[in-house]
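Colleague: Dropping a structure here in structure tokens format, bear with me for questions.
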Amino acid sequence: MSATIPSCQHWRIKRDSDDILWLFIDRHGESVNSLSSAVLQEFDSLIGYAAQNLPRGVAILSGKTTGFVLGADIREFGQFTDAEEVTRAISEVHDMFSRLERLSCPTVAAFEGYCLGGGLELALSCGYRIARDIPATRIGFPEIQLGIFPGFGGSARSVSLIGGMKAMELMLSARQISARQARALGLVDEVIGRHEELHWAARRAILAKRRSRGPGLLGRLSNLAPARKLLAQQMRKQTAMRALEAHYPAPYRLIDTWEHCGGDRSVMLAAEAKAVGCLMVTPQAAGLRHVFGLMDRLKKEGKQSDFRARRVHVVGAGVMGGDIAAWCVLQGLEVSLQDREMKFIEPALKRAEALFRKKRLDPTAIKAALDRLRPDLNGDMVAQADVVIEVIVERLDAKQALLRSLEPKLKSGAVLATNTSSIPLEELATALQHPERLIGLHFFNPVAKMPLVEVVRGAGSDEEMLRRGAAFCGQINRYPLPVKSSPGFLVNRILAPYMLEAMIIHQEGIPIEAIDAAAEAFGMPMGPVELADTVGLDVCLMVMSTLAARGSEGTRNPSIAKATALIRELADQGQLGRKSGKGFYRWDKDQASKNTDKSTSYDLQAISARLIKAYTDECQAALAVGIVADADLLDAGMVFGTGFAPFRGGPMAYLNTKKRGQSNA
């Protein structure tokens with residue numbers, strides 16, 4: 001038996017005087033750890049070494065400060081085109097992790113920061129798991145969001161360890177939990193404090209030969225065949241409320257696998273490998289991987305400056321302005337909110353408190369958050385703000401007057417931003433002595449749910465201000481999308497002809513329910529008519545009128561003229577959509593009242609083809625005139641700004657798929 005420790009590029013290895021084998025994952029050339037094929041090959045050799053030269057115990061930790069393991073290397077997923085090939089590769093990892101599990105010495109995973117996907121599956125292969133209780137520690141299985149489910153043994157091991165009901169909820173939701181939540185579930189065996197050392201906690205566990213306790217009685221019962229059958233039926237019903245099987249097959253295959261095999265871990269491991277192998281090569285998984293890459297790119301857009309805001313000043317306490325202020329407070333910032341009278345600010349404060357309660361803040365945290373949200377009728381706090389955002393009525397003269405009054409009060413280096421949804425920055429900036437400092441930060445409604453912010457570049461915008469604006473978006477957990485100043489920018493420009501096509505189809509005699517059902521059948525989160533009601537028909541009318549007046553490139557002005565009359569008629573009657581309780585639909589408790597029977601006798605595929613053609617035609621027009629730098633940024637904007645069917649990868653990715661004859665419509 002050789003006692004030579006294998007030489008590794010991605011692992012740091014130490015065998016200490018207590019005969020503990022320490023394995024520190026430290027992927028070479030990367031800022032974060034992921035389980036690439038090279039990392040796994042080296043790990044395979046390390047398990048072989050440990051089996052032949054059995055230590056007193058094996059401890060697996062991270063060699064990086066950025067966390068444990070983010071998961072498998074998603075960049076390698078696209079190289080697979082054959083399901084059987086994927087299944088073989090997964091089975092090799094299963095064998096590897098099972099050999100770790102079978103080591104006769106104690107095995108411990110100790111981590112802080114991210115422990116997700118394949119990283120959690122690696123940890124579950126150890127006999128004992130320790131996590132540090134800090135905010136950065138997040139534990140979970142995000143694979144459903146990539147069109148697959150945990151494939152490195154995670155589905156089989158988690159249901160065996162904590163019971164089917166708890167494990168399935170965690171995998172199906174893809175939610176990330178804290179160290180203490182993981183301990184309560186049984187995924188983690190020990191939680192240590194901020195000032196304790198993972199190294200010593202792992203050493204202590206090995207010397208004490210600690211092992212995980214496994215599931216309780218309810219956990220074991222939930223894996224019995226009768227319980228699996230009953231629970232699986234409920235899981236399918238709940239999943240169907242969120243996602244169609246044709247669009248998102250992964251959660252349904254996970255439920256099937258557990259229902260049929262969850263009583264026997266070895267059988268479920270084999271079924272897991274086969275099911276994930278098939279899912280990996282689907283068009284849906286490819287589209288979702290593309291969206292994951294888009295998300296990563298937008299996150300990087302927010303990291304090009306080390307700018308960090310402490311105080312934000314918002315002018316305009318309407319729904320949008322008040323909700324921007326509340327969201328910033330929720331992210332830990334101090335915010336001052338300005339409007340003409342206190343009666344305009346009071347509703348914003350009530351909505352803010354409702355948001356804080358919805359986010360399940362405790363009473364002390366709610367009070368602290370409300371203390372950070374300060375009414376400021378006279379704008380006295382402008383001079384102290386790091387970011388100033390105007391969110392007033394969408395009128396050029398009003399915005400220019402406000403910006404002109406704000407400029408002398410700004411402190412050096414502060415970001416001055418407008419939330420205009422359609423007015424070009426060049427026109428707004430004429431009111432300023434230093435027009436280069438104005439940028440656009442265009443949020444979307446509802447602010448607490450929509451993750452995208454358009455960072456708008458005017459013709460003379462200062463590059464550092466744009467970088468600071470993007471960094472601010474990242475700071476408040478929003479994705480910054482750099483766009484060129486142009487009527488409607490990107491998202492509204494593309495939504496306008498899409499919604500207008502819906503109005504034209506409706507004028508041809510097609511019920512609005514059928515139009516929305518067609519869009520939803522394509523994969524949109526809601527149809528264009530419901531979307532118009534949600535945005536507000538007054539806002540839609542304003543944007544469409546602006547686009548028509550300014551003649552934005554590629555926008556079909558004749559169509560705008562025909563369809564805006566229908567929207568104007570409702571708006572003039574005060575029927576503005578969800579916010580007034582009635583628009584195209586009647587609304588009750590933020591739910592549209594629909595007569596779904598009206599959609600059953602129409603060709604939904606033909607309707608969706610017209611809607612999506614209007615949408616993608618405008619995408620191509622916007623890309624042609626450089627509203628965004630490239631097709632990937634356009635895809636990112638439309639997925640995160642409008643919810644364009646994520647499993648299709650974005651509108652440009654969808655068009656490319658159609659061209660290749662691989663559409664999964």
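The values are calculated or read from the model by the stated rules, or taken from the named source; none is laboratory data. Quantities reported herein were computed from a predicted structural model and do not represent experimental measurements. Cβ: placed from backbone, ideal geometry, glycine included. Neighbour counts: every protein chain shown.
Colleague: Report, ordered by the first and then the second residue, all pairs with beta carbons closer than 8 Å, sequence separation of six or more or different chains, a first member in the range 502-525 that is under 12 Å from Lys598 (Cα atoms) and not assigned by TED's automatic domain parsing to the domain that holds Arg610, and a second member that is of a type in the set (A, V, I, L, M) and crowded, with 18+ Cβ neighbours inside 10 Å.
Modeller: none
Colleague: Name the single residue that is farthest from Glu341 (Cα to Cα) among those in the range 352-378 being surrounded by 18 or more Cβ atoms within 10 Å (Cβ to Cβ) and of a type in the set (Gly, Ala, Ser).
Modeller: By that ranking, first place goes to Ala369.
Colleague: Here is a list: Ala89, Ala59. Which entry is surrounded by 16 or more Cβ atoms within 10 Å (Cβ to Cβ), among the small types (Gly, Ala, Ser) and farther than 21 Å from Ser158 by Cβ?
Modeller: That would be Ala59, the only listed residue that is surrounded by 16 or more Cβ atoms within 10 Å (Cβ to Cβ), among the small types (Gly, Ala, Ser) and farther than 21 Å from Ser158 by Cβ.
Colleague: Which of the residues belonging to the range 242-276 are within 19 Å of Leu146 (Cα to Cα) and surrounded by fewer than 16 Cβ atoms within 10 Å (Cβ to Cβ)?
Modeller: Arg242, Leu244, Glu245, Ala246, Asp256
Colleague: Another question about this same structure. If only one of Pro142, Pro135 is farther than 22 Å from Ala273 by Cβ and surrounded by fewer than 24 Cβ atoms within 10 Å (Cβ to Cβ), which one is it?
Modeller: Only one candidate passes the filter, namely Pro135.
Colleague: Let me ask something else. Report, by residue number, each residue of the range 519-537 that is surrounded by 21 or more Cβ atoms within 10 Å (Cβ to Cβ) and among the charged types (D, E, K, R).
Modeller: Glu530, Asp533
Colleague: While we're looking at this one, here's another question. What is the residue count in the range 379-393 for residues that are in a loop (DSSP other than H, G, I, E, B), surrounded by fewer than 18 Cβ atoms within 10 Å (Cβ to Cβ) and within 34 Å of the chain's Cα centre (by Cα)?
Modeller: Qualifying residue count for the region: 1.
Colleague: Being in contact with a Pro (Cβ under 6 Å, 6 or more places away or on another chain) and polar (S, T, N, Q) narrows it down to one residue among Thr257, Thr239; which is it?
Modeller: On the way: Thr257 fails: in contact with a Pro (Cβ under 6 Å, 6 or more places away or on another chain).
After ruling out the rest, the residue left standing is Thr239.
Colleague: Please determine whether any residue of the range 200-211 is touching a Gly at 6+ places or on another chain (Cβ under 8 Å), surrounded by fewer than 20 Cβ atoms within 10 Å (Cβ to Cβ) and under 28 Å from Glu143 (Cβ atoms).
Modeller: yes
Colleague: Give the residue that is surrounded by the most Cβ atoms within 10 Å (Cβ to Cβ), with candidates limited to residues of the range 277-315 that are β-branched (Val, Ile, Thr) and within 30 Å of Arg157 (Cβ to Cβ).
Modeller: Looking at residues that are β-branched (Val, Ile, Thr) and within 30 Å of Arg157 (Cβ to Cβ), I get Val291.
Colleague: Right, here's the next one. Any residue in the range 449-462 that's over 17 Å from Met320 (Cβ atoms): show its pairings with residues that are among the basic types (Lys, Arg) and crowded, with 17+ Cβ neighbours inside 10 Å at Cβ separation under 7 Å, as long as the two are six or more apart or on different chains.
Modeller: Listed pairs, sorted by first residue: Arg457/Lys484; Asp462/Arg437.
Colleague: Could you please let me know if Gly318 is assigned by TED's automatic domain parsing to the domain that holds Glu464, closer than 19 Å to Met450 by Cα and crowded, with 20+ Cβ neighbours inside 10 Å?
Modeller: Details: assigned by TED's automatic domain parsing to the domain that holds Glu464: yes; closer than 19 Å to Met450 by Cα: yes; crowded, with 20+ Cβ neighbours inside 10 Å: no.
Answer is no for this residue.
Colleague: Looking at Ser45 and the list (1) surrounded by fewer than 21 Cβ atoms within 10 Å (Cβ to Cβ); (2) under 23 Å from Gly649 (Cβ atoms); (3) not charged (D, E, K, R), which single condition is not satisfied?
Modeller: Answer for Ser45: the failing condition is (2).
Colleague: So, in the range 320-348, how many residues would count as being more than 27 Å from the chain's Cα centre (by Cα) and part of a helix (DSSP H, G or I)?
Modeller: 6
Colleague: So which of Val108, Val86 is more than 30 Å from Lys274 (Cβ to Cβ), among the β-branched types (Val, Ile, Thr) and touching a residue at least 60 places away in the same chain (Cβ under 8 Å)?
Modeller: When all the criteria are applied, what remains is Val108.
Colleague: Here is a further query. From the list Thr239, Thr257, which residue is part of a helix (DSSP H, G or I), under 20 Å from the mean Cα position of the chain (by Cα) and not assigned by TED's automatic domain parsing to the domain that holds Arg467? Write out each step before concluding.
Modeller: On the way: Thr257 fails: under 20 Å from the mean Cα position of the chain (by Cα).
None of the other options fit; the residue is Thr239.
Colleague: I'd like the full set of residues that are closer than 16 Å to Leu402 by Cα and buried (at least 24 other Cβ atoms within 10 Å of the Cβ), limited to the range 321-343.
Modeller: Answer for the range 321-343, where residues must be closer than 16 Å to Leu402 by Cα and buried (at least 24 other Cβ atoms within 10 Å of the Cβ): Gly321, Leu337, Gln338.
Colleague: Which residue pairs have Cβ atoms under 8 Å apart, sit 6 or more places apart or on different chains, and have a first residue in the range 636-662 that is of a type in the set (D, E, K, R) and a second that is assigned to a helix (DSSP H, G or I)?
Modeller: Arg648/Gly287; Arg648/Tyr654; Arg648/Thr657
Colleague: Taking the range 349-378 as the search range and keeping residues that are within 15 Å of Ala448 (Cβ to Cβ) and not in a helix (DSSP H, G or I), which one is modelled with the lowest pLDDT?
Modeller: Arg360
Colleague: Oh, and also: Suppose we keep only residues that are β-branched (Val, Ile, Thr) and in a helix (DSSP H, G or I) within the range 605-662. Which one would you say is farthest from Glu301 (Cα to Cα)?
Modeller: In this case the residue turns out to be Ile607.
Colleague: Do we find that Ala225 is surrounded by fewer than 19 Cβ atoms within 10 Å (Cβ to Cβ), touching a Gly at 6+ places or on another chain (Cβ under 8 Å), hydrophobic (A, V, I, L, M, F, W, C) and over 20 Å from Glu121 (Cα atoms) in this structure?
Modeller: For Ala225, the condition - surrounded by fewer than 19 Cβ atoms within 10 Å (Cβ to Cβ), touching a Gly at 6+ places or on another chain (Cβ under 8 Å), hydrophobic (A, V, I, L, M, F, W, C) and over 20 Å from Glu121 (Cα atoms) - is met.
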